[in-house]
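This report refers to the structure that appears directly beneath it.
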Amino acid sequence: MEGNIRKSIQPGMKVGIVLKKDQKTGIITEGCVKRILTKSAEHPHGIKVELESGEIGRVKKILF
């Protein structure tokens, strides 16, 4: 599944995101989606989400 398509991401899913501060290095932070912040159906850099931990970033990987 793609991290840039909104309908493939649901609250409670485990995902890998890139935080704003990590965009240059590409460091992935893992966690569970609390809520989806991007309103559009897709975004070229990944759908922006808030994790249960409160961190906000764009989805790069959907983990199972």
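Listed values, structure above:
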quantity: Carbon + sulfur, % of accessible area of the chain - ligands and nucleic acids excluded, 1.4 Å; calculated: 52 percent
quantity: Sequence-distant residues sharing a close amide H with Gly3 (under 5 Å, placed H); calculated: none
quantity: Under the Karplus curve 6.51 cos²θ - 1.76 cosθ + 1.60, θ = phi - 60°, whole-Hz ³J(HN,Hα) for the range 54-62, x wherever Gly or Pro sits; calculated: x, 6, 10, x, 9, 5, 10, 9, 9
quantity: Average accessible surface area per residue within the chain, 1.4 Å rolling probe, Å²; calculated: 65 Å²
quantity: Read-out Rg/Rh (Cα atoms, Kirkwood Rh), derived from the coordinates shown; its label in (i) 0.97; (ii) 1.02; (iii) 0.91; calculated: (iii)
quantity: Estimated vicinal HN-Hα couplings, Hz - the range 2-11 in sequence order (Karplus 6.51, -1.76, 1.60; Gly, Pro = x); calculated: 9, x, 9, 10, 4, 5, 8, 10, 10, x
quantity: Contact order relative to length of the range 7-64, as percent, for alpha carbon pairs under 8 angstrom and 6 or more apart; calculated: 40 percent
quantity: Burial ranking of peptide ranges 19-27, 4-12, 53-61 (average Cβ count within 10 Å, highest at the top); calculated: 53-61, 4-12, 19-27
quantity: Sequence-distant residues sharing a close amide H with Met13 (under 5 Å, placed H); calculated: Val33
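The values are calculated or read from the model by the stated rules, or taken from the named source; none is laboratory data. Model, not experiment: these values are computed from the prediction. In this analysis, Cβ positions are derived from the backbone assuming ideal geometry, glycine residues included, and neighbour counts consider all displayed protein chains. Surface areas here come from the heavy atoms of the whole protein model, side chains and all, with no ligands, DNA or RNA. Shrake-Rupley method; radii C 1.70, N 1.55, O 1.52, S 1.80 Å.
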